[in-house]
Amino acid sequence: MNTFHMNILAADKPFYTGPCESLIVPTSQGKYGIMANHVNILIAVVPGALFYRIPGEESKIVAVSHGLVKVENNEVLVLVDSVELPEEIDVNRAKRAAEEAKEAIVQSQSKQEYYAAQARLSRALSRLRVKSNYGEKS
């Protein structure tokens, strides 16, 4: 089985280091897939669901925020602001964050405030989608 070495790093913690068979990252153009021996590339990541497969295991899904992916010489580096497993996502906190971001969009006084609020809203909504679609059913 062809694999590549992958590091997933969040701003506050390393998340995963080891072999990987495939990776699918959320981008502004849609989902982007990476396999072993992929061409060298730099990709912007947007908030959403990231899928990866470790040899001998089922695909894993995590919620990621903005960041980037660098593929170079069969090594993949994923750098994101945050990464969370579906079971780590607090639905109430994500809903509050989404409501606060919506209010901040309405109240924004500058383009910078507007775009920062849009980014917070995008992250909160993607966390809710990952939890809803891939989290444990209670």
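Numbers below:
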quantity: One residue from 131, 102, 111 being charged (D, E, K, R) and exposed (fewer than 14 other Cβ atoms within 10 Å of the Cβ); calculated: 111
quantity: Residue match in region 97-115 (condition: touching a residue at least 24 places away in the same chain (Cβ under 8 Å), not assigned by TED's automatic domain parsing to the domain that holds residue 12 and not charged (D, E, K, R)); calculated: yes
quantity: Any hit, region 9-28, residues being assigned by TED's automatic domain parsing to the domain that holds residue 65, among the polar types (S, T, N, Q) and at positive phi; calculated: no
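For (1) under 16 Å from residue 121 (Cα atoms); (2) exposed (fewer than 14 other Cβ atoms within 10 Å of the Cβ), each residue gets a yes or a no:
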position	(1), (2)
40	no, yes
47	yes, no
55	no, yes
65	yes, no
69	no, no
73	no, yes
78	no, no
87	no, yes
90	yes, yes
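The values are calculated or read from the model by the stated rules, or taken from the named source; none is laboratory data. Fair warning: this is a prediction, and the values are worked out from it, not measured in the lab. Here Cβ is always computed from backbone atoms with ideal geometry, including for glycine, and neighbour counts include all displayed protein chains.
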